[in-house]
Amino acid sequence: MHGRPRQPPQAEDAASASKASNLRELQSKLLHNHHQRIYSQEAIDASSKLLDINPEILTAWNYRKLAFQHNLQEASDPPHFKSLVNDELRVVEMALRRNPKSYGAWYHRKWVLSQGLLEVDFDREFYLLDQLLKVDARNFHGWSYRRFVAKMKDVSEVEELKFTMDMIDSNFSNYSAWHNRSALLSHLLSKKAHGFDEREKILAEEYDLVRQALFTDPSDQSGWFYHLWLLDQTVTPDEVLLISSWPFDGSNWCITVDEDKVHCKVSQLPCSSYYFLNSGKLPIVLYFNQPVKGVHSSSVIVNSVFVKNEDLIWRPVTPTKSEQAACWVVYIGIPDFQKIDTKVYAVEINIGHSKDIISSNGSVFSHPLQFRFNLSFNSISLEHAEVESIDELFVWNDSGSSVAEHCGFFPFNRVNASEDHTLKSSKWNLETISYEIDLFKELEENCKFVKLTLARLFLAQDAMMSYKTCSLIHSRDVLRLFDDLIRLDPMHAGYYEDERSIVVVNQVTSDEQSLMSQNSHSSNYFSSKLPLNGCIQLTNLSLTRIGSVDRLLWVQVLDLSHNKLHSLAGIEALQLLTCLNLRNNQINSLTALEPLKLLSFLRVLDLSFNKIGAHPVDTTRYLCHSPLSHSIFGAKKCIEDYLEANINVTDHWEAILLFRELRLKQLEVKGNVVADENFRDLFAKVASHADLA
């Protein structure tokens, strides 16, 4: 190779070839026995030999499970049971000697003991663990198995906590011991076990402990991860709070209904700009400070003459099928225009009078609150009015979008549900964070862990000191630190850029003055006579992701062009979004646009000059089920229609899934590799109601 002459086979190579041949023979026997369901002693012994050579063959472990269950049915006495169990445990120990980090071996041992056939020999199990951790004290498989065995034996968490301390004392760099300690302490603190009811005292002791590790070796990451866990315990609120909503409390809205179409536009009196709602339904959006479940007609009561509360169905706004989400939405139908009068109708929302709204950590929404907004109605025919209809306004201006004078409507307010329940940090929390900041400023400046921790500490201090105003006192320091980290640690630049982006969005949306500087009139974005409300420009900010969406629930036109966005996670919360400009970003797949499927009002989408189709393999598609398993492909007629149009369903399933669910009136994709004639044909077939530019 590379100009060097081929050497004749050596004795060592012959031995390797013989070993490989033996391995292939054993694998062939395993597959034959597995398929033929042969569970003889000879077949089981062959699988043992195979696992002794390569413990990572999961099929062999699965075969042994089936053989074990089969032979168990034929066992007639306790000694036979014991022999079967011990044989399996022996094979596992043999495999672990070959590879102490074999997933299959550890899972198999857990499975055997979980059958409950024999009383577990805990002395033997803990001896095995002691021997393993002497060889590699950080083997996370061993620590996971220790938690499993300790739970089976009912070993107290306090005793296990002492064991982690012994292991940390012997080696500060034992990441697995630090991790196990955080898991144990989290549970002990959450249930306020005896001796762990004084949370601040326990956390202060842990800070003292981890500081010793950090100052002993600042370059070791184990202690830094534990410090991050402590910081999270210090600043993360236990309380569940409603932090934002749309419509917001005390607002007055005039709904203008188009007599000719099922459209309505909503304006805040006396503003001349509008929210144009295309479905004839008004959304009510609630945004909590953490993901919650249990939002339904019993936990959130909507009093309105337009709908019965028990008929409302709240749904979590999340691209996954999770029943938990920070954002929840429900829709109120707008009445027929013939029934509209000049009255003002109040819509009242009552939240938290039941204990059903619960976060993932078990915290209950315990601050009942009430807010209301008012609706009045008007009826016109847009066809004869001086404004264009919603179907005709989607023409983006190529001249760019300059920031315009404030358009008269600016809903900057976080619900803050009740003034009596504004989240406040204790004196201890603030003092602890301030002390940590002063401490780490003295450490080595060019250490990436020091810079990352300082950035997190600054953000935590800002969040606790200005929760209500959301201003960032240390924003410049934090951005400088992330810029330094991108330079110092290019391997993790993507993570630092994402964190930096969240800070930038937080900064520009932190108060009314900052956000007003990004506020624009809709005429700057597209040619239309209809002035739309909620137009925000966040361009040329080097954003790789978006954040602070709870402050943007009112946005209807969002310009994110000329950034570095690769993900749209979180944008699904902007339920009023009608026009979205993603021109000149780094989006490289259609599956990255998955959150857009949850935006029922979205009509204009500009994806020009991204990287869609530039990569031959979209790795995100492998996180989904087979395309043919999706419900839209269930009908044979659907597939036949695409085939008749010469559309390759297998190659374009992600595009079909996306554009069938979006209700776009205009899509721009120029400048992307995917924007060829085949894509245009596909779009014309899937979304025949829309225009492709």
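The values are calculated or read from the model by the stated rules, or taken from the named source; none is laboratory data. Keep in mind that this is a model prediction, so the values were computed, not measured. Cβ atoms come from the backbone with ideal geometry, glycine included; neighbour counts cover every protein chain shown. Keep in mind that these areas ignore ligands, DNA and RNA; they rest on the heavy atoms of the full protein, side chains included. Shrake-Rupley method; radii C 1.70, N 1.55, O 1.52, S 1.80 Å.
For a 24 Å ceiling on Cα separation, which of these pairs sit above it: LYS293/LYS321; LYS101/LYS451; LYS134/LYS191; LYS192/LYS448?
Details: LYS293/LYS321 12 Å; LYS101/LYS451 33 Å; LYS134/LYS191 33 Å; LYS192/LYS448 35 Å.
Checking Cα-Cα distances, LYS101/LYS451; LYS134/LYS191; LYS192/LYS448 exceed 24 Å.
Rounded to 0.05, the FRET efficiency of the GLN212 and GLU442 pair, given R0 = 22 Å and the Cβ-Cβ distance, is 0.90.
Between the range 144-205 and the range 534-586, the alpha-carbon centres lie 42 Å apart. Scoring 177-184, 166-173, 431-438 by mean Cβ neighbours within 10 Å over their residues and listing the highest first yields 177-184, 431-438, 166-173. Against the criterion of solvent-accessible heavy-atom surface with a 1.4 angstrom probe, HIS566, HIS367 sort, most first, into HIS566, HIS367. In this rough spin-label picture, where each label sits 7 Å from Cα along the Cβ direction, the GLU74-ASP169 distance is 5.3 nm. With semi-axes defined as the square roots of five times the eigenvalues of the C-alpha gyration tensor, the equivalent ellipsoid of the range 19-235 measures 41, 20, 13 Å, largest first. Expressed as a fraction of 2.2 N^0.38 Å, the value expected for a compact globular protein of N residues, the C-alpha radius of gyration of the range 68-181 is 1.16. Applying 0.36 nm per residue to the separation of ASN62 and ALA569 and subtracting their alpha-carbon distance, the gain on full extension is 178.7 nm. Between the residues GLN115, VAL155, LEU132, the greatest Cα displacement towards the positive end of the dipole of the range 19-235, with unit charges on the Cβ of Lys, Arg, Asp and Glu, is found for GLN115. Taking PHE659, PHE81 and ordering them by how much accessible surface each has at a 1.4 Å probe, largest first, produces PHE81, PHE659. A 1.4 Å probe run over the range 49-134, with the rest of the protein chains in place, finds 53 Å² accessible per residue. Within the accessible area of the range 19-235, the carbon and sulfur atoms contribute 50%, probe 1.4 Å, all protein chains present. FRET efficiency for the PHE148 to GLN513 pair, using the beta carbon distance and R₀ = 51 Å, is estimated at 0.40. Value of Rg to Rh for the range 165-222, rounded to two decimals, is 1.00; Kirkwood radius and Rg both from alpha-carbon coordinates.
To the nearest 0.05, what FRET efficiency results for LYS321 and SER156 with a Förster distance of 41 Å applied to their C-beta separation? According to the calculation, E is roughly 0.65.
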